[in-house]
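Working notes, beginning with the structure itself.
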Amino acid sequence: MLYRVRVKEGYEETAAVVVGNKLLMAGTAWAPSVKSIFGHVSCPTWIFIESSNGAEVNKLCANLTDIYPRDIHPIVEDLSQYLHEPFVAPKPGDWVRLNSPPLYRGDLA
């Protein structure tokens, strides 16, 4: 089952690494139940932990900075709604990367 864990804004990558390090330092205590830890740009303030046991996720996230262990929720619906690329409309004066004309592909304008 997949669990989403609320973390402090801007610390998603750091929190995922800290949880992963705690998992590695614990050795085989959590290894069978925790399968993966990841975050995504389109889900700010959340990391995802794949585990077969929710109690192990609570223990893993306990006493870690920038992680809110009270906000651990199992995800039972389709995950694709969380993994979408955010659309940002360019404002006048912003730099954009060109994709469509093959001659100028990758250039900044």
Percent of accessible area on the chain owned by carbon and sulfur, 1.4 Å probe? 58
Highest to lowest packing among 62-70, 93-101, scored as the average C-beta count within 10 Å: 62-70, 93-101
What list of ³J(HN,Hα) values in whole Hz, one per residue of the range 40-45 in order, does the Karplus curve 6.51 cos²θ - 1.76 cosθ + 1.60 (θ = phi - 60°) give from phi, with Gly and Pro shown as x? 9, 4, 7, 10, x, 6
Given a 1.4 Å probe, how much area per residue of the chain is accessible, in Å²? 69
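Pop out the Kirkwood hydrodynamic radius of the chain from its pairwise C-alpha distances, inverse of mean 1/r, in Å to one decimal.
On the way: mean 1/r = 0.0628 Å⁻¹.
Final number for the Kirkwood radius of the chain is 15.9 Å.
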Scan around I75 for amide H atoms under 5 Å from its own, H built in the peptide plane at 1.01 Å from N, and keep only partners 5 or more places away or cross-chain. L2, Y3, R4
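Between beta-carbons, use under 13 Å as the cut-off and find the net charge around V57, counting Lys and Arg +1, Asp and Glu -1.
Numbers: positive: R4, R6, K22, K35, K59, R70; negative: E50, E56, D71.
Summing Lys and Arg as +1 and Asp and Glu as -1 gives +3.
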Inter-probe distance in nm under a simple model that places probes 7 Å from Cα toward Cβ, at D94 and D71: 2.5
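Between beta-carbons, use under 15 Å as the cut-off and find the net charge around D71, counting Lys and Arg +1, Asp and Glu -1. Could you put the intermediate results ahead of the total?
Details: positive: R4, R6, K8, R70; negative: E9, E12, D66.
Charge balance in the 15 Å sphere: +1.
The values are calculated or read from the model by the stated rules, or taken from the named source; none is laboratory data. Here the structure is a predicted model, which is why all the values come from computation and not from measurement. With ideal geometry, Cβ positions are generated from the backbone for all residues, glycine too; neighbour counts draw on all protein chains shown. These area figures cover heavy atoms from the full protein model, side chains too; ligands, DNA and RNA do not enter into them. Shrake-Rupley method; radii C 1.70, N 1.55, O 1.52, S 1.80 Å.
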